[in-house]
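Here is the structure we will look at, set down as structure tokens.
Bear in mind these aren't lab numbers, they're just calculated from the coordinates by the rules spelled out. Every value quoted in this text rests on a predicted model; they were computed, and no experiment measured them. Backbone-built Cβ (ideal geometry, glycine too); neighbour counts: all protein chains shown.
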Amino acid sequence: MTKMKRREAREALFALLFEMSFATPEEAAVLYETECQETDRDLDDDYIRDGYKGALENLEKIDELISSASKGWKIARLARVTLALLRLGVYEMCFAGLPYHIAINEAVELAKVYGEDKSPGFINGVLNQIAILQGLKKTNG
């Protein structure tokens, strides 16, 4: 089996995070294994496995960061695609060590494909604010 390209793996991780938004905490805990066993999707990739488990383990902190940066938007009001992309971006830049500008760019690119018209700009703004709040990105001034 050939190794999945990083962009393909990221897209698969995004899909799992999207599916997680429909699951109970108990279902979310076993979603990765269930998807591997019950579907023909190729999810046998360290990036996907580690990313899903890492996002799940840090979900409370990830959602706190999203809430603090998305002024006027409660997590429950966000579209599930948008929420999954924000969770992916926050996980990658705050917990997986991916440089913030790459994590943001990748989330925005996925939003252009899967999100609504205003999703890329919203995701860019929220993730940039989180990068600033977390000290990952310096501001002028």
Checklist outcome for this item: With Cα coordinates, the longest principal axis of the chain makes an angle with the long axis of helix 25-38, in degrees rounded to 10, of 50
Checklist entry - Relative to the first principal axis of the alpha-carbon coordinates of the chain, what is the inclination of helix 80-90, with its axis defined by its Cα atoms, in degrees from 0 to 90 and to the nearest 10? => result 80
Checklist entry - Once all Cα-Cα distances of the stretch 29-102 are split into 5 Å bins that start at 0, what whole-number percent is in each one? => result 3, 14, 23, 23, 19, 12, 5, 1
Checklist outcome for this item: Counting as exposed only trypsin sites (Lys or Arg not before Pro) in DSSP loop states with no more than 13 other Cβ atoms inside 10 Å, the longest exposed-site-free span of the chain is 75-117
Checklist outcome for this item: Among GluC sites (Glu not before Pro) in the stretch 39-141, those in a DSSP loop whose Cβ has at most 12 other Cβ atoms within 10 Å are E116
Item to check | Under 28 Å from K74, Cα to Cα: lysines that are on another chain or at least 8 residues apart | outcome: K53, K61, K112, K118, K137, K138
Next on the checklist: Can you return the aspartates and glutamates within cross-link range of K5? Criterion is Cα-Cα under 14 Å, with same-chain partners fewer than 8 residues away left out.
Outcome noted: D42, D44, D45, D46, E106
Item to check | Helix axis angle, 119-133 relative to the chain longest principal axis, alpha carbon, degrees | outcome: 70
Checklist outcome for this item: So the FRET efficiency between S67 and C36, C-beta based with R0 = 41 Å and rounded to 0.05, is 0.85
Checklist entry - Setting aside same-chain residues fewer than 8 positions from K71, which aspartates and glutamates have a Cα under 15 Å from its Cα? => result D63
Checklist outcome for this item: From fewest to most C-beta neighbours within 10 Å, the residues S21, S68, S119 line up as S68, S21, S119
